[in-house]
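Reading through the structure tokens given below for one structure.
The values are calculated or read from the model by the stated rules, or taken from the named source; none is laboratory data. Worth saying up front: this structure is predicted, and the values here are computed from it rather than measured. All Cβ positions, even for glycine, are placed from backbone atoms using ideal geometry, and neighbour counts span all protein chains on display. Just so you know, the surface numbers come from the protein's heavy atoms only, side chains and all, with ligands and any DNA or RNA stripped out. Shrake-Rupley method; radii C 1.70, N 1.55, O 1.52, S 1.80 Å.
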Amino acid sequence: MEHDWKIVQQSSDLGEGKVSDRTKAPSWRIAPKVSGCSSGTDGLIAEIEKKITEAFEVFDRESNKTVDGREIGCIIRSLGCFPNEAEVQELLAKIEEPDGFVHLENFLRVMTEVLLDRRFQPIPEDVILHAFEALDENKCGYITKEDLVKHLTEEGERFTQEEMEDMLVVALDPETNTLHYRDYRTKLVVDETKTFPFNV
Amino acid sequence: MGSIIGAMGCSSSVADRRSENVIRAAILIQKWYRFTMARLEMRRRYSLSIFQSIEYADEQDQLQLSNFFTFMLDHCTHPESVSQIFTSPSAPQVVDEDLCLKEFEKKIDVPDSYYGPRLSFPLTVEDANALLHAFRNEQLLHARYVLQLLSETRRVLKEMPNITHLSTSYSKEITVCGDLHGNLDDLLLIFYKNGLPSEQNRYVFNGDFVDRGKNSMEILIILFAFLLIYPNDLHLNRGNHEDYIMNLRYGFTKEVSKKYKDHWKQILCLLRDVFSWLPLATIIDSKVLILHGGISDTTDLDFLNALERNKLKSLMRPPKSVRNRQDQMKKRIPTTKPSKHIANQHVAGKTQHISSSGFTEPPGSNLPPDPALKEWKQILDILWSDPRSQNGCTPNKCRGGGCYFGPDVTAKLFERYNLKMLIRSHEFKPEGYEISHDGKVITIFSASNYYEEGSNRGAYIKLNPELTPRFVQYQVSKFTRRRNLRERVGTIESSALKSLREKIYAHRSELISAFAQYDINGTGRISVNDWAAAMESVLQLELPWRMLRSQLAQMNPDGEVDFMSCFYDLKMGQPIKEAQPALAETLCRYRKDLEIIFNIIDKDHSGLISLEEFSQTWRLFTSHLGIDIEDDSIDKLVLSIDYNKDGHIDFNEFLEAFHVVHRLEKKATS
């Protein structure tokens, strides 16, 4: 009998020179989950397809099973995936129509595979913390506004000005013009897991 | 930065590795940030989705209400109490056509203690400024001036054709505004940004001035005042909410009755007339068509221009000749009764449709075509339709009236009348405007924060003599500092979820029985899949249930939903005996509608109606909706709550008991 697998704990490390979420396979510890009616992979796939369709339809303005290609990144991420911009573009290239729209059936096809293969898994909180620490040269617990702006708008997959401003509004301590990254990260993580009051 | 000097030494490789790490760290942070922002955006989107679905579902329920009023008028045993509101102008209490300004002056006294604006007719810009100033300071205009203003407005509107033709030849730009829905702040903001109406600054307001917001009256007063001062430069189109039956449910009637305790019936009566005299459309330079809703494949502008527009006071009631026809046909063709089971309520409601498609004659009938029917359909279509990207013209299922029209319908109309652009409103747009049908159709929506603080922007169009549109967006905010996206989304989301939870509570019994069907072993738990299916089928709302699940119900570690947890956090204001849960829920669901009806029956504003009237109304209401409730159960309920005072019921107190309370709210304030 096949079970539905659920991720219980994951770990990976971000050490010197080993920063990569793609090349190093994280070690998962998984536990079987007993599901109600659906059994086997078919049930799992049906469930995944429903999830994908739901997320897709939120952006499907006219209920005609198409979304604007520019929203695909948003949909993929709200399904729990953690791609970078290049990966989003790669996916989009496979399914985008000439007019810039994406059809549900194509998206379903590609996205079901992504979820079944567990690609683009989110990284744990401590990894993010290490990333901030890497930017904090003097290890003082904060990053100056100038450094933050420099790194995020000039390096890697650069932020647009709007993205940078949005982040600064929340992240920056206005009095010192610095980002205390531990607090910031905690703030956002708490927001993420905010759910119905009794339990997660 | 020793990289320049130590380009070849081993110190450079350390620097290189460090900067490599920094870059990787940057990528990670960027990735994580975008991840967080995307999920925030999803929450924002589904919150708006919740608002819209509930709004459209309510509009469908509204159909039930309008049928009920028709039913009441035809069968009610207390004709004086209810039908006074609806009778034709010949009834004595109603404001007469010939009643002029002097009559109002004689009949209504304005006390010296009134410090609001005192209008003198004909109005001038000073009067308009006095009104703006007064409304900014939350003053009310005295009822006499309101009635005078409305009477004058009716006189002026009567002279206007159904379709106004404008030309851009002598003015710079024409400004087109969409739905305002009682948001005075938005109108004031528009005037602030764009200037007051004048000969050099022309405006077209495209309907839906009233309902939902709390300053519908003030918006009308301002718009009508400017209309009287600049009749050639300020133009109004009728919207689907300029309709007394819509106003009953969506707040305008209530607003007027609260603000004008002594004269509200007169005011509403006069307004009913004024609304019916509002022009139906505006055309600029014979190229740009502006109307509130949209078009259909049968839209005939010449026909629309020629009909007597004031005959249709409300579009929610088909014309009398059609109703008589319907009754005739009903006698010949047996119709199925509406289902008596509560669970099917929504199904019955959803299939009803006020478009004329429900009234087409069966094949082979010899009844002549009905001109009133064509008139009604034509106006219904232009006030209620929505554009869609698929070709064709189909009945508008969401709204229950008008149709969905595709790019081909637009193209055909443009070809027939040599048009270039269609500007319409009627639909909420997060950015205040939207362009569709390949640039041919523009939706303009001017009520910012329509659902909730931060939900959307408003916008208006500036149209220059070349007829190229320019959009100006804005958003009114009660917060002085700019709130960040997280805070804004948080507000919208909790508001949306609150509305959704109230709907869940109001359908408790149906939901529980639907859940039970999936819970074969009676464990109290079902799969997420089944839970989602049950929610969607009972509430009839197309929402991302799996995504919302964590906010609505508890899940156990096995991944199953504890379905009763949906209701943990909600309860009614007053505990009702468990023996009558279905009744309590019905009262909960229709609380707003009942409030409206009772307020109308309560002639003297005492807040009390007799037990007899109460029972009668309730019986009619439930029988009409096909709800099966024992005759004496409502009496029992009243007694159990003990609101009976000398054979009268304080209906506000009674209904207050069925207000859904969110326990979390109580916690927050304690």
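Here are a few things to note about the model shown:
- Surface listing: B:THR153, B:THR468 arranged by accessible area from highest to lowest gives B:THR468, B:THR153, probe 1.4 Å.
- Sum of side-chain charges, A:GLU49 neighbourhood, beta-carbon under 13 Å (Lys, Arg +1; Asp, Glu -1): -2
- A straight Cα-to-Cα reach below 19 Å connects B:LYS420 with the aspartates and glutamates B:GLU173, B:ASP285, B:ASP297, B:ASP300, B:ASP302, B:ASP386, B:ASP408, B:GLU434, B:ASP438, B:GLU466, residues fewer than 8 places away in its own chain not being considered.
- Each Lys or Arg adds one and each Asp or Glu subtracts one; over the other residues with Cβ under 13 Å from the Cβ of B:LYS172, this totals -1.
- Over 23 Å (Cα to Cα) - which of B:LYS397/B:LYS429; B:LYS158/B:LYS311; B:LYS102/B:LYS313; B:LYS254/B:LYS571; A:LYS65/B:LYS498; B:LYS254/B:LYS313 fall in this group: B:LYS102/B:LYS313; B:LYS254/B:LYS571; A:LYS65/B:LYS498
- Pairwise burial B:A, computed as accessible area of each alone minus the pair, summed, 1.4 Å, Å²: 5800
- Surrounding net charge for B:PHE428, when Lys and Arg each add one and Asp and Glu each subtract one, Cβ distance under 9 Å: -2
- Cα gyration tensor shape for segment B:146-244, rounded if a/c is under 1.5, else prolate or oblate: oblate
- The heavy atoms of B:ARG39 offer some 60 square angstrom of accessible surface to a 1.4 angstrom probe.
- Shielding value for A:50-61 is 5, the average number of Cβ atoms from other chains within 10 Å of each residue's Cβ.
- Residues B:TYR451, A:TYR142, ordered by accessible area of protein heavy atoms at a 1.4 angstrom probe radius and largest first, appear as A:TYR142, B:TYR451.
- Solvent exposure ordering (accessible area, 1.4 Å, most first) of A:VAL127, A:VAL149: A:VAL149, A:VAL127
- Assuming charge only on the beta carbon of Lys and Arg (+1) and of Asp and Glu (-1), the dipole of segment A:40-161 about its Cα centre is about 140 debye to the nearest 20.
- Charge dipole of segment B:193-243 about the Cα centre (unit charges at C-beta), most positive-ward option of B:ILE222, B:ASN240, B:LEU196: B:LEU196
- Extreme residue, positive dipole direction of segment B:412-482, given options B:SER436, B:ASN418, B:LEU467 (C-beta unit charges): B:LEU467
- Here the dipole of segment B:421-473 is about 200 debye; that uses its Cα centre as origin and unit charges on the Cβ of Lys and Arg (positive) and Asp and Glu (negative).
- Three-way shape label, segment B:395-508, alpha-carbon gyration tensor, a/c 1.5: oblate
- For B:HIS659, solvent-accessible area (1.4 Å; no DNA, RNA or ligand), Å²: 70
- Note on A:LYS94: accessible area is roughly 130 Å² with a 1.4 Å probe, heavy atoms of protein only.
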